[in-house]
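Worksheet for the structure shown next.
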Amino acid sequence: MTTETPAAVLRAAAALLREAASHATPGPWRTHDTHLGGTGGHTATVLTDRENLTDTELIAWLPTMSNTPWDEARNAWRNAGWMALMDPSVGLALADWLESTALTVDAVAEKLQPDPAAHWIAPALAVARRVLGATEQADTETAPAADRDAELADLRAELDKLIRWHKEDGDQMAKMRKTIERLRAERIELIRQRDQIAMDTIKAMPAPADRAAIEALATEREKRGRYGDSSVTDRARELRAVLAAEAQQPTPAPAEETK
């Protein structure tokens, strides 16, 4: 009985595959029917598949002594086909898959001890155990069921909390958007009212006789504004603006006397 973690089993099998593939003749491989002549008959062979035939190498020879080419009644040719299919490049691809699964197991293990029987781990572990020569399913180090259930409950609680926070944040954002839209509308209305008051003030220009009174009132408001009352200062500015606008109005020409 072993106590290795699932990730350790996967990595051990990947390392064994890489080592075996590195010592084997590089692929791709192909099958071939070789006739030995005389009484030797036809033989199933596995050869390297090379563009230049002079570079071809013999990988395996499975004698059948059959008098029929590619005699499928004898399983040697089927075995040869399987051997050609599983050349070293396939072993390297399997090693990559096992190592990738081991990385995923490590990432999941940071939050929850993965169960070797889980559907996403079991196929890779089955391959790894066969590569390592295990005849029975090895026991791996796992957390007790009660601990796993507790960790799952904690994870679910954290997820529920995140969902609730997300909803609350969304509600707050909606309220903030409504408040911002209301304040913008109020600001636009205040600007409109201010402009309207300014226009009404300009239209109601004071008579020249009132200029002295307005001048005195503006001066008095400016003095009061020095004590920090900004509203008084703003009113003084408005009065000054009225006087300035009135001063820019053209003075009507005096009517000519008739004789």
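The values are calculated or read from the model by the stated rules, or taken from the named source; none is laboratory data. These figures come from a predicted structure and were not determined experimentally. Counting neighbours? That spans all protein chains shown, and the Cβs are built from the backbone with ideal geometry, glycine included.
Quick notes
- Sole residue being within 18 Å of Ala15 (Cβ to Cβ), part of a helix (DSSP H, G or I) and modelled with pLDDT under 85, chosen from Val127, Val105: Val105
- Among the residues making up the range 222-250, those that are at pLDDT below 70, within 23 Å of Asp200 (Cβ to Cβ) and not small (Gly, Ala, Ser) are Val232, Glu246, Gln248, Gln249, Pro250.
- Arg182 meets the conditions (1) more than 24 Å from Leu103 (Cα to Cα); (2) assigned to a helix (DSSP H, G or I); (3) modelled with pLDDT under 65 in every case but one. The failed one is (3).
Residue-by-condition table, conditions (1) at pLDDT 85 or above; (2) farther than 25 Å from Thr31 by Cα; (3) in the same structural domain as Ala15 (by TED's automatic domain parsing); (4) buried (at least 17 other Cβ atoms within 10 Å of the Cβ):
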position: Pro63; (1), (2), (3), (4): no, no, yes, no
position: Ser66; (1), (2), (3), (4): no, no, yes, yes
position: Lys111; (1), (2), (3), (4): no, yes, yes, no
position: Pro116; (1), (2), (3), (4): no, yes, yes, yes
position: Ala150; (1), (2), (3), (4): no, yes, no, no
position: Leu162; (1), (2), (3), (4): no, yes, no, no
position: Gly170; (1), (2), (3), (4): no, yes, no, no
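- Condition met for Ala80 (modelled with pLDDT under 85 and part of a helix (DSSP H, G or I)): yes
- All positions within the range 17-51 that are of a type in the set (S, T, N, Q), modelled with pLDDT under 80 and assigned to a loop (DSSP other than H, G, I, E, B): Thr39
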